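Below: the structure, in structure tokens.
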Amino acid sequence: MTGAAELFESTANGAPAGIWSAPGRVNLIGEHTDYNDGFVLPFAIQQRTHVALGTREDGRIRVVSTFDADAVEVGLAELEALFPARRSDVPEWATYPLGVAWALLRATGTDPASVTGVDLAIASDVPIGAGLSSSAAIEGAVAAALNDTWRLGLDRVALAQVGRTAENEAVGAPTGIMDQMASMLGRADAAIFLDCRSLEASVIDLGFADAGLQLVVIDTGVKHSHATGGYGERRASCERGAAIMGVPALRDVSVADLPRAEQLMDDETFRRVRHIVTENQRVLDTVTALREHGPRSIGDLLLASHASMRDDFEISVAELDTAVEAAMAAGAVGARMTGGGFGGAAIALVAHADVRRVMDAAAAAFAASGFAAPTMFTVVPSAGAGREA
Ligand code: ADP
Ligand code: MG
């Protein structure tokens, strides 16, 4: 079972009591809209993180991962002292599973002395740091395993919130809830349409398989950091724009309000606002198009999203633009950069028969521009977190 059971058996006593998994995700459309109380349309992918769990009698939690050679072990009663301020002797990767345990106990008001100790062995085939949210996958798999084992009875949305709490407060990454919701609620061949204000989520059929389409990820390998520069600046511009418009968030500004916005603010702030406002509309339009006309009808929306991020929000890089242009020239239905920007991956919606051609075209275009070769693979919209065995 993808390494987690094997890792468990080589590092703990006997066989695990159960195996749980949660997927990574790709965002089909809706970029930088989450922290503006807007809409996103991500889907869970087939690459997953597996957790093998066994119980132990001494009230301790021990985590091992194929990601790191060393096990980390603490008493469940010590978690409260460990977080939110991360103790420096806990390696960062271990703050994800331990942070989930801490956040679960806190969210349910559970006395650590009342639940069993656990051994967790973690193995993942979600690429780490490629914008496919390996972080939500590890959080979701651990949250599902502990929720079942400790009989806490939280539903999937509550488990997504636990994952986000762990990431924000235990790890210290100020991310939204999109990734965890996608990883928890994913369905085969479907996306999750999420209202980031109400957290209302609905399942939207993608129909990629029936339409003979595949989604290709073109990972540029260009690393970004959300902690520095651009990401925070874009957030600040959005807050400024909302304040000038006199609304709590840019979610409350519509496309029809844009001419007025243009008169009220400087050009740069206006272009940031225009990206968010039109991107929210594009998510809504994509949902309508998928429902009424199927996935071949969303190509122009994906392209318009990319152009808006490139020209108005200014978060693309040459590698991402090259990936999108090469994919389109080779016959993709649509393509756009995905994720926070300043690097990371592009996605292309491609007819099955053209996948090879699109990948070859992207590789050739990168080589011609002197960029390092991209990593490319297809992703399949897949089921969310759950118990496997
Ligand atoms: P992304 O979510 O885009 O992959 P992040 O920086 O949000 O990137 O999360 C990656 C981090 O999550 C890793 O550096 C590691 O600390 C942790 N992580 C992810 N998967 C695992 C795993 N299987 N085992 C241990 N830690 C993991
Ligand atoms: Mg992440």
>> Being surrounded by fewer than 16 Cβ atoms within 10 Å (Cβ to Cβ), assigned to a helix (DSSP H, G or I) and in contact (Cβ under 8 Å) with a residue 24 or more places away in the chain is the requirement here; does Glu80 meet it?
In response: yes
>> Within segment 166-210, take every residue that is β-branched (Val, Ile, Thr) and within 15 Å of ligand 1 (Cβ to nearest atom) and give me the one that is surrounded by the fewest Cβ atoms within 10 Å (Cβ to Cβ).
In response: Thr175
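Right, Thr55: surrounded by 15 or more Cβ atoms within 10 Å (Cβ to Cβ), within 26 Å of Arg156 (Cβ to Cβ) and not assigned by TED's automatic domain parsing to the domain that holds Gly221 or not? Give the derivation first.
On the way: surrounded by 15 or more Cβ atoms within 10 Å (Cβ to Cβ): no; within 26 Å of Arg156 (Cβ to Cβ): yes; not assigned by TED's automatic domain parsing to the domain that holds Gly221: yes.
No; evaluated as a whole, the condition is false for this residue.
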> Is it fair to say Leu159 is more than 16 Å from ligand 1 (Cβ to nearest atom), under 23 Å from the mean Cα position of the chain (by Cα) and hydrophobic (A, V, I, L, M, F, W, C)?
Replying inline: yes
> Within segment 87-117, how many residues turn out to be within 12 Å of ligand 1 (Cβ to nearest atom) and not hydrophobic (A, V, I, L, M, F, W, C)?
Replying inline: 6
> Restricting attention to segment 141-192, which residues are within 16 Å of ligand 2 (Cβ to nearest atom) and among the small types (Gly, Ala, Ser)?
Replying inline: Ala141, Ala143, Ala160, Gly163, Ala166, Ala170, Gly172, Ala173, Gly176, Ala182, Ser183, Gly186
> In segment 264-307, what residues are under 21 Å from the mean Cα position of the chain (by Cα) and among the hydroxyl-bearing types (Ser, Thr, Tyr)?
Replying inline: Thr286, Ser305
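From the list Leu258, Leu213, exactly one residue is under 19 Å from Ala345 (Cβ atoms) and either assigned by TED's automatic domain parsing to the domain that holds Ala330 or without any contact (Cβ under 8 Å) to a residue 24 or more places away in the chain (or both). Which is it?
Numbers: Leu258 fails: under 19 Å from Ala345 (Cβ atoms).
Every option except Leu213 fails the conditions.
The values are calculated or read from the model by the stated rules, or taken from the named source; none is laboratory data. Just so you know, these numbers come straight off a predicted model, no measurement behind them. Positions of Cβ are generated from backbone atoms using ideal geometry, with glycine treated the same way; all protein chains shown enter the neighbour counts.
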